[in-house]
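Dropping a structure here in structure tokens format, bear with me for questions.
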Amino acid sequence: LESEPWTHVILQGQKYSSTGSSTYPTTAAEYWIRGSKEQGATPIMFPEHPRKDNNWEGRTLWELHTGIAARENTCVAPVGLVWDEVIFRDPSLILHQPDGNHAAGTGLLLTALVFYQIITGQPVESLPELTVFDVDAATGQIMKESVSSVLFDYAPCYFEA
């Protein structure tokens, strides 16, 4: 963090229980948030997307990370909530690789759109069609609308970024 003048730092890695039966300390995440801010960067927490067919993980991770963000006055990218919205709008879209855990290309693009809007402050609808990424116009529209809708309903930052 000290070697470059970062504007934003994306933080991923808060340990969580995939069964919901355990809780883990958040001190390391809080340390990196404070360190990022000390360097003049805006930290953005990155809760992972939910695993395939998991309808509770996106919200659970959002709640875990927003608890940290509220204590540390930082941002959280609602990646899981956006994935849930896209899957709700079109369950046939393939966002996961066959293992059901890792993101497929379309899922990676969806996550990137979330960060684009948070970091730039520009609505993703202002971007050209996503066909260059092998995403048809209808899918691109669903993705863009979902990002904007979720970011409107779930403000990513707990301060003026």
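Compute the Cα gyration tensor for the range 3-52, then decide on rounded, prolate or oblate, letting a ≥ b ≥ c be the square roots of its eigenvalues: rounded whenever a/c is under 1.5, prolate when a/b is larger than b/c in the other cases, and oblate in all that remain.
Oblate is the answer for the range 3-52, as a/c is 1.5 or above yet b/c matches or exceeds a/b.
Round to the nearest 10 and give me the degree value, 0 to 90, for the angle of helix 79-89's Cα axis relative to the longest principal axis of the chain.
On a 0 to 90 degree scale, this one is about 20.
Heavy-atom accessible area per residue, the chain, 1.4 Å probe: how many Å²?
Solvent-accessible surface per residue comes out at 55 Å².
Could you compute the net charge surrounding Ser21? Neighbours are other residues with a C-beta less than 15 Å from the C-beta of Ser21; K and R count +1, D and E count -1.
Residues close to Ser21 contribute a combined charge of 0.
Please give the helix 57-72 orientation as an angle from the longest Cα principal axis of the chain, in degrees from 0 to 90, rounded to the nearest 10.
30
In addition: Report the charge-dipole magnitude of the chain in Debye, nearest 20, computed about the Cα centre from +1 at each Lys and Arg Cβ and -1 at each Asp and Glu Cβ.
I would put it at about 360 debye.
Oh, and also: Tilt of helix 105-120 relative to the longest C-alpha principal axis of the chain, in degrees (0 to 90, nearest 10)?
50
Then there's this: Calculate what fraction, in whole %, of the accessible area of the range 37-161 sits on carbon and sulfur atoms when a 1.4 Å probe is rolled over the protein chains.
53
Ok, one more. What percent do you get for the relative contact order of the chain when only Cα pairs under 8 Å and 6+ apart count?
Computed value for the chain: 20 percent relative contact order.
If I build a Gaussian network model for the chain, linking alpha-carbon pairs within less than 10 angstrom, which residue out of Ser148, Ser36, Ser92 has the largest mean-square fluctuation?
Top of the fluctuation ranking is Ser92.
Select from Pro47, Pro98, Pro123 the residue whose mean-square fluctuation is largest in a Gaussian network model of the chain (Cα-Cα springs shorter than 10 Å).
Per the Cα network of the chain with a 10 Å cutoff, Pro98 tops the list.
Another one. Specify the residue with the greatest mean-square fluctuation among His102, His65, His49, computed from a Gaussian network of the chain linking alpha-carbon atoms under 10 Å apart.
Largest GNM mean-square fluctuation: His102.
The values are calculated or read from the model by the stated rules, or taken from the named source; none is laboratory data. Computed from a prediction, not measured in an experiment: that's the story for all the values here. Cβ coordinates were reconstructed from backbone atoms using ideal geometry, including for glycine residues, and neighbour counts include every protein chain displayed. Each accessible area value is taken on the protein alone, full model and side chains, heavy atoms only, with ligands, DNA and RNA left out. Shrake-Rupley method; radii C 1.70, N 1.55, O 1.52, S 1.80 Å.
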